[in-house]
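Presented below is the structure to which this report refers.
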Amino acid sequence: LPSKRQAVASTNTSAQSLEGNRKKMDGDAQKGIQQLLQAEQEASDVVARARKARAARIKQAADEAQQEIKLYRHQREEAFKKLVEDRGGSMGERQRKLEQETAMQVVKMKQDVSLQRQNVMKMLLGYITNVNVDLPVDHTKV
(Lines give C-alpha, C1' and ligand atoms only; values in the text may rest on other atoms or scores of the structure.)
Protein backbone atom coordinates (compact mmCIF):
# COMPACT_ATOMS: atom_id res chain seq x y z
CA LEU A 1 0.00 0.00 0.00
CA PRO A 2 1.17 3.35 -0.63
CA SER A 3 2.35 5.25 2.29
CA LYS A 4 1.17 8.61 3.42
CA ARG A 5 4.22 10.20 2.04
CA GLN A 6 3.64 8.76 -1.33
CA ALA A 7 0.03 9.82 -1.16
CA VAL A 8 1.03 13.36 -0.19
CA ALA A 9 3.71 13.39 -2.84
CA SER A 10 1.24 12.11 -5.33
CA THR A 11 -1.24 14.76 -4.28
CA ASN A 12 1.42 17.45 -4.51
CA THR A 13 2.40 16.22 -7.93
CA SER A 14 -1.23 16.21 -8.96
CA ALA A 15 -1.70 19.70 -7.62
CA GLN A 16 1.41 20.88 -9.38
CA SER A 17 0.32 19.16 -12.51
CA LEU A 18 -3.13 20.70 -12.16
CA GLU A 19 -1.65 24.13 -11.59
CA GLY A 20 0.69 23.63 -14.53
CA ASN A 21 -2.28 22.64 -16.62
CA ARG A 22 -4.15 25.72 -15.41
CA LYS A 23 -1.21 27.97 -16.32
CA LYS A 24 -0.96 26.23 -19.63
CA MET A 25 -4.69 26.71 -20.17
CA ASP A 26 -4.40 30.36 -19.14
CA GLY A 27 -1.56 30.76 -21.64
CA ASP A 28 -3.61 28.94 -24.29
CA ALA A 29 -6.60 31.15 -23.46
CA GLN A 30 -4.45 34.25 -23.83
CA LYS A 31 -3.17 32.95 -27.14
CA GLY A 32 -6.73 32.20 -28.21
CA ILE A 33 -7.89 35.69 -27.21
CA GLN A 34 -4.97 37.21 -29.07
CA GLN A 35 -5.83 35.14 -32.11
CA LEU A 36 -9.46 36.25 -31.90
CA LEU A 37 -8.43 39.90 -31.58
CA GLN A 38 -6.07 39.53 -34.51
CA ALA A 39 -8.76 37.82 -36.59
CA GLU A 40 -11.21 40.60 -35.68
CA GLN A 41 -8.67 43.24 -36.74
CA GLU A 42 -8.06 41.42 -40.03
CA ALA A 43 -11.81 41.19 -40.62
CA SER A 44 -12.14 44.92 -39.94
CA ASP A 45 -9.34 45.59 -42.42
CA VAL A 46 -11.05 43.41 -45.04
CA VAL A 47 -14.36 45.24 -44.50
CA ALA A 48 -12.63 48.65 -44.70
CA ARG A 49 -10.87 47.68 -47.96
CA ALA A 50 -14.16 46.40 -49.37
CA ARG A 51 -15.89 49.68 -48.46
CA LYS A 52 -13.10 51.70 -50.08
CA ALA A 53 -13.26 49.54 -53.20
CA ARG A 54 -17.05 49.92 -53.32
CA ALA A 55 -16.77 53.69 -52.93
CA ALA A 56 -14.17 53.78 -55.72
CA ARG A 57 -16.42 51.70 -58.01
CA ILE A 58 -19.38 53.99 -57.28
CA LYS A 59 -17.27 57.08 -58.01
CA GLN A 60 -15.98 55.53 -61.23
CA ALA A 61 -19.52 54.61 -62.28
CA ALA A 62 -20.70 58.16 -61.55
CA ASP A 63 -17.82 59.61 -63.59
CA GLU A 64 -18.59 57.26 -66.48
CA ALA A 65 -22.28 58.19 -66.28
CA GLN A 66 -21.37 61.90 -66.43
CA GLN A 67 -19.25 61.27 -69.51
CA GLU A 68 -22.09 59.36 -71.15
CA ILE A 69 -24.49 62.19 -70.31
CA LYS A 70 -22.13 64.77 -71.83
CA LEU A 71 -21.73 62.65 -74.96
CA TYR A 72 -25.48 62.10 -75.28
CA ARG A 73 -26.19 65.82 -74.73
CA HIS A 74 -23.61 66.75 -77.38
CA GLN A 75 -25.13 64.29 -79.85
CA ARG A 76 -28.66 65.60 -79.21
CA GLU A 77 -27.51 69.23 -79.56
CA GLU A 78 -25.80 68.44 -82.86
CA ALA A 79 -28.92 66.65 -84.10
CA PHE A 80 -31.02 69.66 -83.07
CA LYS A 81 -28.70 72.11 -84.84
CA LYS A 82 -28.85 69.98 -87.99
CA LEU A 83 -32.64 69.84 -87.78
CA VAL A 84 -32.84 73.62 -87.36
CA GLU A 85 -30.55 74.15 -90.34
CA ASP A 86 -32.54 71.71 -92.45
CA ARG A 87 -35.77 73.54 -91.64
CA GLY A 88 -34.52 77.01 -92.45
CA GLY A 89 -32.07 77.94 -89.78
CA SER A 90 -32.47 79.67 -86.48
CA MET A 91 -34.47 82.84 -85.90
CA GLY A 92 -31.31 84.94 -86.15
CA GLU A 93 -30.43 83.31 -89.46
CA ARG A 94 -33.95 83.74 -90.79
CA GLN A 95 -33.94 87.41 -89.86
CA ARG A 96 -30.54 87.90 -91.48
CA LYS A 97 -31.69 86.12 -94.66
CA LEU A 98 -34.87 88.21 -94.75
CA GLU A 99 -32.87 91.43 -94.32
CA GLN A 100 -30.50 90.38 -97.12
CA GLU A 101 -33.39 89.52 -99.43
CA THR A 102 -35.07 92.84 -98.64
CA ALA A 103 -31.85 94.76 -99.29
CA MET A 104 -31.41 92.93 -102.62
CA GLN A 105 -35.00 93.74 -103.62
CA VAL A 106 -34.48 97.42 -102.75
CA VAL A 107 -31.32 97.52 -104.88
CA LYS A 108 -33.14 95.81 -107.75
CA MET A 109 -36.04 98.30 -107.50
CA LYS A 110 -33.61 101.23 -107.55
CA GLN A 111 -31.96 99.76 -110.66
CA ASP A 112 -35.38 99.29 -112.30
CA VAL A 113 -36.33 102.88 -111.43
CA SER A 114 -33.12 104.26 -112.90
CA LEU A 115 -33.59 102.17 -116.07
CA GLN A 116 -37.24 103.16 -116.49
CA ARG A 117 -36.76 106.79 -115.50
CA GLN A 118 -36.25 107.96 -119.07
CA ASN A 119 -39.28 106.05 -120.35
CA VAL A 120 -41.49 107.38 -117.56
CA MET A 121 -40.28 110.95 -118.19
CA LYS A 122 -41.06 110.65 -121.90
CA MET A 123 -44.50 109.24 -121.15
CA LEU A 124 -45.28 112.02 -118.65
CA LEU A 125 -44.04 114.72 -121.01
CA GLY A 126 -46.15 113.18 -123.77
CA TYR A 127 -49.28 113.42 -121.62
CA ILE A 128 -48.49 117.00 -120.66
CA THR A 129 -47.70 118.27 -124.16
CA ASN A 130 -50.34 116.39 -126.12
CA VAL A 131 -53.61 117.62 -124.72
CA ASN A 132 -56.75 116.43 -126.45
CA VAL A 133 -59.24 119.29 -126.59
CA ASP A 134 -62.12 117.42 -128.15
CA LEU A 135 -65.32 117.71 -126.24
CA PRO A 136 -67.01 114.60 -125.08
CA VAL A 137 -69.93 113.37 -127.18
CA ASP A 138 -72.57 114.28 -124.58
CA HIS A 139 -71.52 117.96 -124.54
CA THR A 140 -71.80 118.57 -128.26
CA LYS A 141 -75.56 118.04 -128.38
CA VAL A 142 -76.39 120.84 -126.10
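The values are calculated or read from the model by the stated rules, or taken from the named source; none is laboratory data. Not measured: the values here are computed from a predicted model. Using ideal geometry, Cβ is built from the backbone for each residue, glycine included, and neighbour counts are taken over all protein chains shown. Accessible surface is based on the protein model in full, side chains and every heavy atom, while ligands, DNA and RNA are left aside. Shrake-Rupley method; radii C 1.70, N 1.55, O 1.52, S 1.80 Å.
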Return the loop-located trypsin sites (Lys or Arg not before Pro) in the range 41-142 (DSSP other than H, G, I, E, B) with at most 10 other Cβ atoms within 10 Å of their own Cβ; answer none if there are none.
-> R87, K141
Computed over the range 21-128, protein heavy atoms only, probe 1.4 angstrom, the accessible area per residue in square angstrom equals 96
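How large a share of the accessible area of the range 62-110, in percent, is made up of carbon and sulfur atoms when the probe is 1.4 Å and the other protein chains stay in place? Working shown, then result.
Details: 2650 of 4740 Å².
The nonpolar share, carbon plus sulfur, comes to 56 percent.
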